[in-house]
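Take a look at the structure below.
The values are calculated or read from the model by the stated rules, or taken from the named source; none is laboratory data. No experiment lies behind these values; they were computed from the predicted model shown. Cβ: placed from backbone, ideal geometry, glycine included. Neighbour counts: every protein chain shown. Only protein heavy atoms, including side chains, enter the accessible area calculation; ligands, DNA and RNA are left aside. Shrake-Rupley method; radii C 1.70, N 1.55, O 1.52, S 1.80 Å.
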Amino acid sequence: MAGGGTSPPGARRTRAHKALRRARLTMRRTAVDHFRGEGSDALVLIALFLTVPLIAAGTLHRPDWCPPEALVLPLVAGGLLLRPVSLLALYAATAVALITETALMEGRSVSPDPIGPGTILVVAAVALSGLLIAQFRSRVGVPWRRGGTMLFDLRERIRAQSTVPALPPGWHCDLSLRPAGGQSFSGDFVVAARTGPDRRVLEVVLTDVSGKGMDAGSRSLLLSGAFGGLLGSLPPHSFLPAANGYLLRQNWDEGFATSIHLVLDLDTGDFELLSAGHLPGVQYAAATGRWQEIAAEGPLLGVWDGAEFHPAKGTLRPGDVLMLFTDGLVERSDRDLSDGIDRLTGEAERHLSTGLRRIASDLIESVARDVNDDRALILIYRD
């Protein structure tokens with residue numbers, strides 16, 4: 001019979017492994033919470049608290065290397081990392097350190113001079129700025145450590161949604177999106193899906209949200225997610241009415257958008273274009289060597305309920321090209337819209353002799369390089 005006061009070596013090793021695993025999981029959760037801004041900021045506060053007397057001591061002993069203004073360093077870090085309540089405690093410690101430095105340096109008869117009003121104003125200005133930043137972060141609910149990651153994630157989601165699925169042999173698609181001013185967020189977006197029996201139908205929706213750049217980026221992100229969910233879940237002719245109803249329910253002050261919806265049969269090349277106040281598509285017919293506008297009828301999205309959208313039909317034959325674009329490519333205050341479309345088709349025709357592979361970006365550079373507006377271009381063509 002085994003003694004009751006000891007445990008087998010195997011049981012002790014098992015308990016040690018479990019304790020180590022619990023400690024590792026706890027540290028991992030703590031680190032994740034701290035990165036997301038959900039954990040306590042006590043460790044950061046303690047670390048910054050310790051830097052304040054160190055900087056003060058450095059100022060008293062080597063003011064040439066550590067000037068009194070160095071106290072702004074923990075204040076800047078605190079404004080980015082701490083909550084407002086914790087930040088006020090750090091400010092109190094900094095004020096005590098500054099008063100102590102002033103009192104001790106005034107008793108000296110050697111250089112440097114005692115701390116002047118300018119130093120106090122600099123420290124106070126940095127403290128006020130840090131407090132405003134901390135209050136803004138607290139009100140928005142997005143910590144500094146997570147805010148940049150969130151914006152990066154949103155940008156990548158928009159890019160992932162603005163892709164066209166792989167097409168069968170003989171079909172090609174090229175698209176390019178350029179936000180206004182070189183920003184990361186655009187009011188133009190694309191959603192696409194392969195639908196129908198055996199996924200032999202390609203549906204592409206190009207939308208231009210009112211506004212541009214960052215101003216339209218949040219609405220563009222919301223609409224791209226909603227439109228991506230609707231596309232393929234509804235019959236093609238029901239998509240734009242459903243999208244129109246969705247915008248009306250948002251009650252946005254600036255809530256309208258234009259959209260063009262392509263429904264292409266990948267077996268026959270027959271297509272339909274349905275438009276909601278969008279610019280017409282243009283088709284290049286290889287047989288005739290001419291460009292033709294494909295204009296469908298329909299009102300803007302988000303303007304009135306019960307809107308109807310009437311399709312325009314066509315066929316893409318081998319060698320044909322279909323271009324869809326937003327107004328940033330062709331619209332100018334000093335020229336007619338038709339002139340802008342003619343220039344776009346003329347530039348596109350110059351590339352026909354060298355092939356149309358991956359030229360959407362080059363076309364935007366050619367016709368609308370320095371335009372302060374969102375630009376989007378889609379080309380679909382057959383070998």
Inset, instruction - For the range 280-383, give the percent of accessible area contributed by carbon and sulfur heavy atoms, probe 1.4 Å, rounded to a whole number. - result: 42 percent
Legend entry - Label-point gap, in nm, between Asp370 and Thr100 - each point 7 angstrom along Cα→Cβ: 5.8 nm
Legend entry - Estimated D of the range 219-271 in µm² per second, where Rh is the Kirkwood radius over Cα pairs and Stokes-Einstein applies at 25 °C, 0.890 mPa s: 199 µm²/s
Legend entry - Karplus 3J(HN,Hα) series, Hz, for the range 221-229 with 6.51 cos²θ - 1.76 cosθ + 1.60 (x for Gly, Pro): 5, 5, 5, 5, x, 5, 5, x, x
Legend entry - Karplus-derived 3J(HN,Hα), 6.51/-1.76/1.60, for each residue of the range 254-267, Hz, glycine and proline x: 10, x, 8, 7, 10, 8, 10, 10, 9, 10, 10, 7, 6, 8
Inset, instruction - Just report the Cα centroid separation between the range 236-288 and the range 346-383, whole Å. - result: 20 Å
Legend entry - Average accessible area per residue (Å²) across the range 228-332 - probe 1.4 Å, nucleic acids and ligands excluded: 44 Å²
Inset, instruction - For the range 302-371, run through the chymotrypsin sites (Phe, Trp or Tyr not before Pro) and keep only the ones in DSSP coil with at most 16 other Cβ atoms within 10 Å of their Cβ. - result: Trp304
Legend entry - Residue order for Lys18, Lys313 - accessible surface, 1.4 angstrom probe, largest first: Lys313, Lys18
Inset, instruction - With no solvent and one equal point scatterer per Cα, compute the Debye intensity ratio I(q)/I(0) for the range 265-361 at 0.18, 0.20, 0.24 Å⁻¹ and report its log10, rounded to two decimals. - result: -0.95, -1.11, -1.34
Inset, instruction - Take every Cα-Cα pair in the range 151-294 and report what % of them are more than 27 Å apart. - result: 23 percent
Inset, instruction - Report P(r) for the range 250-319: all Cα-Cα distances, bin width 5 Å, range 0 to the bin holding the largest distance, values in whole percent. - result: 4, 16, 22, 20, 14, 10, 7, 5, 2, 0
Inset, instruction - Leaving ligands, DNA and RNA out of it, rank Arg249, Arg137 by accessible area with a 1.4 Å probe, largest first. - result: Arg249, Arg137
Inset, instruction - Grab the other residues whose beta carbon is less than 13 angstrom from that of Ala193, score K and R as +1, D and E as -1, and report the net. - result: +2
Inset, instruction - Net charge near Ser86: determine it from the other residues with C-beta under 13 Å of the C-beta of Ser86, scoring Lys and Arg +1 and Asp and Glu -1. - result: +1
